[in-house]
1. Taking the Cα atoms of segment 99-160, report the difference between the largest and smallest coordinate on each principal axis, in whole Å and largest first.
2. Please report, in cubic angstrom per residue, the volume enclosed by the convex hull of the alpha-carbon atoms of segment 119-253.
3. Got a sec? Charge dipole of segment 204-330, +1 on Cβ for Lys and Arg, -1 for Asp and Glu; which of M315, N211, G289 is way out at the positive end?
4. About its Cα centre, how strong a charge dipole does segment 238-305 have in debye, to the nearest 20, once Lys and Arg get +1 and Asp and Glu get -1 at the Cβ?
5. Using a Förster distance of 22 angstrom, determine the FRET efficiency expected from the C-beta separation of Q275 and S190, and round it to 0.05.
6. According to a simple spin-label model (label point 7 Å from Cα along Cα-to-Cβ), what is the distance in nm between K82 and K209?
7. Provide the per-residue ³J(HN,Hα) series for segment 298-303, in order, calculated from phi with Karplus coefficients 6.51, -1.76, 1.60 and θ = phi - 60°, each as a whole number of Hz, with x at glycine and proline positions.
8. Of K157/K310; K181/K307; K181/K312; K45/K82, which ones are farther than 18 Å apart at the Cα?
Amino acid sequence: MKRYPFFLTTFLGCVFCMLFVISCLGQQGIKDYKRFYGLLRDQNKDLLVLRKFEQGGRTQYLVTDPQELETRILSAATEAVKPLTWAQTMDIFKETPYIKAMEAAQMKETPLQDAGIIHGFPKEKGITLTIDLCPSHKPLDRIIFTSLLKEFQKTEKPVPLALSITGRWMLTHNDDLDWLKNLVKSGDISITWVNHSYNHRVSATAPLKVNFLLEPGTDMNFEVMGTELAMLQHGIVPSVFFRFPGLVSDPKLISKVLSYGLIPVGSDAWLAKGQTANSGSIVLIHGNGNEPVGVNDFIKLLQSEQKSVKDKQWMMYDLRESVEDEFGGK
């Protein structure tokens with residue numbers, strides 16, 4: 001069998017992924033998807049526009065409420081949107097949790113691993129659960145979700161969680177993705193969809209400073225925007241959050257992600273690495289079948305807190321609400 005150089009196979013892989021996304025966009029009629037900042041007034045609220053695109057002959061906007069950090073898609077006439085520079089955006093919304101979280105992430109940009117927001121401040125005892133779905137040929141660890149429903153079905157419904165999702169995982173796990181979306185539709189869980197890059201490339205031998213998204217030649221525009229496009233194609237609304245693959249970054253990369261209007265989210269409790277989940281922790285486990293230790297540790301954590309869950313003294317927290325509470329001054 002003929003072997004090709006590593007750089008060539010990487011390039012061909014990127015081309016394939018891009019062609020897939022373009023094909024998906026054609027099916028959904030999404031055109032000219034781009035970064036765009038603006039101010040849009042809707043239902044007596046000032047919303048921040050993050051993206052602009054055309055779909056079905058109409059101009060659509062991906063917007064966020066900078067107070068509550070929720071995102072949605074809105075149709076609006078062009079004249080209803082006031083274009084903003086990023087500097088204007090930072091100034092207009094400077095007192096909101098969204099901008100305060102961005103600034104906090106910028107200040108915590110030095111570590112090679114785990115930069116960004118790593119802890120929330122819930123009002124009671126509990127955690128914010130984040131589940132990473134990196135590329136994998138293995139099926140979704142559905143036991144994570146069924147265990148959550150079993151423990152919380154009588155005290156907290158829907159159960160909030162954040163899924164850090166990659167484009168390549170979506171490419172090969174349609175059934176698992178549909179299963180998750182049906183849990184949302186039934187009201188059993190609520191999901192904050194976190195951008196985790198498209199390819200999530202990783203080398204087992206390269207040092208961290210040239211690994212993951214720090215690999216030379218990485219196209220960050222595709223890693224960010226390609227993932228958002230794949231989400232939209234699957235009927236998923238991207239959130240304002242981004243998780244670095246491997247939690248690896250550097251100041252330049254963090255600034256790049258922030259320039260897309262995305263808040264980097266790390267973790268202070270990666271269970272598979274032996275880190276302990278405390279009150280307010282942003283917990284990290286992998287649900288892609290590649291980290292059974294973390295999944296088992298999480299299930300044990302749930303079991304150990306059964307009584308507190310029943311007494312509503314141990315809760316699951318929405319990532320958006322945790323960040324809002326932390327930076328909202330409440």
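The values are calculated or read from the model by the stated rules, or taken from the named source; none is laboratory data. Given the structure is predicted, the values throughout are model-derived calculations rather than measurements. Backbone-built Cβ (ideal geometry, glycine too); neighbour counts: all protein chains shown. Keep in mind that these areas ignore ligands, DNA and RNA; they rest on the heavy atoms of the full protein, side chains included. Shrake-Rupley method; radii C 1.70, N 1.55, O 1.52, S 1.80 Å.
1. 39, 38, 17
2. 132 Å³
3. M315
4. Values: 5 positive and 5 negative charges, 46 e Å.
With only Lys, Arg, Asp and Glu charged at Cβ, the dipole is about 220 debye.
5. 0.30
6. 4.6 nm
7. Those phi angles translate into 5, 4, 5, 4, 4, 5 Hz.
8. Check vs 18 Å cut-off fails for K181/K307; K181/K312.
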